[in-house]
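Engineer: Got a structure for you, questions after.
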Amino acid sequence: MTKFDVVVAGGTIVDGTQVPRFVADIGIKDGVIVQIGGNLSADATEVIDATGKIVAPGVIDIHTHYDAQLHWDPYATNSGWHGTTTIGVGNCGFGFAPCRPELRDRYMQMMETTEQVPVGAMRVALGWDWETFPEWIEHLKRVPKGVNVASYVPLNPLLIYVMGLEAAKSRPATPAERQRMKDELHRAMDAGAIGFGFSYQGNHNTHIDCDGTPMPTDVMAREDIFALAEVLRERGEGAIQALVDTPGARFGEVALEVARISGRPVVHNVTLVNEYLPTYHEEILDMLDRAEDEGLSVFTQTLTMRGWNEFKASDWDIWNISPIWREFTFAGDKAAKLAKAQDEDFRRRLRETYRPEDLAPVGGPLETYVLNQAHGCAPWDQYVGKSVGEITTALGREFATDVFMDILVGTAMDADFVLPEAMSSDTGKVAEVLRHRRTIPGTSDGGAHVKFWSGGQYSTDLIMWMVRENGLMTLEELHHKLSYLPARVLGLHKRGALVEGHAADLYIYDYDKLGYVHGRYDIVNDLPDGDWRRVCKPQGIERVMVNGQTTFINGAECTGALPGRLVGGSGAEVDRKLQTAYPLAAE
């Protein structure tokens, strides 16, 4: 019998710990790195030649919404294509457990209007053989996985399960309800949850329920959040994900208070660099410094990739942040939205109330939307590649809102727009954010917004942008941020670094060829009901390995292996409880 199942030979190892890169072999047995050194190939069943390539720990993408997509895409693409080997679900308080049977369809509608996961795909694929959170964990064990999965308890389902839908949106919990929520959280943690996730944004949020009202956690009593934080203090385990800061709704103090009460790590969302809000990122970095001075374990996740949105107005509902635009997004189907675009009363009120700064936090003002496709429709086809602001000027018109609505009407709602560099674009400021010791790159939102956004390539983009193109970070610094730091913050056991005894989650890439097609998504029809989504495939990534098995080669070429596992945040004992078909090697 050979000593190793696989040896990754001769690669340049950037191990995630910030130790300087070095050339060595990695010997893998039973999904675990058992030896790093030289001349290991002779003792291997399989040898992978990584000469001249970077070998790095698999990316840990802790802010995703793949909760549904895992049921039809076990590899969590786009993330899985770009070197991600572990994902976090249950973010922002959204998810599917606990859930009473009569509310299953309602939960799916919530997920569509908040995270734009197509409801038709969910209705086909989910199966719904669970009610409680522990039953959800058992369900996830049975779902084939090409990535590792860690799950927060999402607080919207928990509130609704205990209080009922209307009560969860309209009043604080009673003492009895609060205790029951705490009991349910204890049971979820016993089952393997890594903590809980929520958003707290009041009425200024794109996370709008399917009836047009805020989601429960956005308007929940702070005392109820703090009571749940007490559970983690009692247990001495778990982390908290808190979407409490966006440019229009600043509740960062809530993150600080749950950190004080819980004594546990808090992943604050979200930090970005925005030219319309030049001090926003500085204020959050200052908050992190103050938290550290107080002894609090608060980190922030950044949204700092060179991302873009590419959309049709019939699918784009990020406008929900604004009441007047919400009338359009909630008008109904495509025909209803077309009628709204023609409605003179709506157009008049839009002219009177529209302010460009209102849309700055959600990709950019209307004037920056670039007409991507007009499908040959005159007179708009001649303006493809021009922004709405430029078209308005060229036509000698006064109101960009009217020009935009005219384009929608003239193309029967089929016009396609792009928001280039919709996220951070100031290289120096982004580097300042990423280098801060308490920032974690990511917020890919993988699995969400699939008809206008793809964020799973953030790791590829940051290596290109921050390291190769500008030299503002080293590979050692960035891979630490992409893998080891999130693993430590969430307490993931023996993951996030290429060191002996850790899980063999890694990817191999050609540093010079690493890339993706920027500014243009591919469209694929691969949802379970035949529906479509936008994707971004990698270049230069030669192999992705999860628990020692190869899931992708040459970019997006899938091997069919399904080595993913459920992982917890409380050490080896919880991990063993969460394993079924692929047990870890003995400690």
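The values are calculated or read from the model by the stated rules, or taken from the named source; none is laboratory data. Model, not experiment: these values are computed from the prediction. Because the Cβ atoms are built from the backbone with ideal geometry, glycine has one as well, and the counts that use them run over all protein chains shown.
Engineer: Are there any pairs, at least 6 apart or on different chains, whose C-beta atoms fall under 8 Å, with the first in region 459-473 and touching a residue at least 24 places away in the same chain (Cβ under 8 Å) and the second of a type in the set (D, E, K, R) and not in a loop (DSSP other than H, G, I, E, B), and if so, which?
Structural biologist: Correct list of pairs: 459/61; 472/435; 473/435.
Engineer: Looking only at residues in region 419-446 that are of a type in the set (A, V, I, L, M) and at pLDDT 95 or above, which one is surrounded by the fewest Cβ atoms within 10 Å (Cβ to Cβ)?
Structural biologist: Within region 419-446, the match that is surrounded by the fewest Cβ atoms within 10 Å (Cβ to Cβ) is 431.
Engineer: It is to be established whether one or more residues within region 520-533 are modelled with pLDDT under 95 and within 21 Å of the chain's Cα centre (by Cα).
Structural biologist: Yes.
Engineer: To continue, here is another question. Within region 138-159, identify whether any single residue is assigned to a loop (DSSP other than H, G, I, E, B), at pLDDT 95 or above and among the basic types (Lys, Arg), and answer yes or no.
Structural biologist: Looking for residues that are assigned to a loop (DSSP other than H, G, I, E, B), at pLDDT 95 or above and among the basic types (Lys, Arg), one finds at least one in region 138-159, hence yes.
Engineer: Let me ask another. Of 123, 106, which residue is under 26 Å from residue 182 (Cα atoms), among the basic types (Lys, Arg) and in a helix (DSSP H, G or I)?
Structural biologist: It is 106.
Engineer: What residue, among those in region 432-474 that are touching a Ser or Thr at 6+ places or on another chain (Cβ under 9 Å) and among the aliphatic types (A, V, I, L, M), is farthest from residue 64 (Cα to Cα)?
Structural biologist: 472
Engineer: Find all pairs meeting these conditions: Cβ atoms under 9 angstrom apart; at least six residues apart or on different chains; first residue within region 366-378 and outside the structural domain of residue 413 (by TED's automatic domain parsing) and buried (at least 18 other Cβ atoms within 10 Å of the Cβ); second residue among the charged types (D, E, K, R) and part of a strand (DSSP E or B).
Structural biologist: none
Engineer: Sticking with this one: Looking only at region 13-49, which residues are in contact with a strand residue (DSSP E or B) (Cβ under 6 Å, 6 or more places away or on another chain), part of a loop (DSSP other than H, G, I, E, B) and of a type in the set (A, V, I, L, M)?
Structural biologist: The answer is 14, 40.
Engineer: Can you name every residue in region 82-99 that is farther than 24 Å from residue 7 by Cβ and either in contact with a Phe, Trp or Tyr (Cβ under 6 Å, 6 or more places away or on another chain) or part of a strand (DSSP E or B) (or both)?
Structural biologist: As a first pass, look at region 82-99 and keep what is farther than 24 Å from residue 7 by Cβ: 82, 87-99.
Once the filter is applied, which keeps residues that are farther than 24 Å from residue 7 by Cβ and either in contact with a Phe, Trp or Tyr (Cβ under 6 Å, 6 or more places away or on another chain) or part of a strand (DSSP E or B) (or both), region 82-99 yields 87, 88, 89, 90, 93, 96, 97, 98, 99.
Engineer: How about region 458-535: which helices (runs of 4 or more DSSP H) wholly inside it have at least 2 residues that are of a type in the set (A, V, I, L, M) and over 30 Å from residue 372 (Cα atoms)?
Structural biologist: 475-479, 485-490
Engineer: I'd like to know if region 219-233 contains one or more residues that are assigned to a loop (DSSP other than H, G, I, E, B), at negative phi and within 21 Å of the chain's Cα centre (by Cα).
Structural biologist: No, there is no match, as no residue in region 219-233 is assigned to a loop (DSSP other than H, G, I, E, B), at negative phi and within 21 Å of the chain's Cα centre (by Cα).
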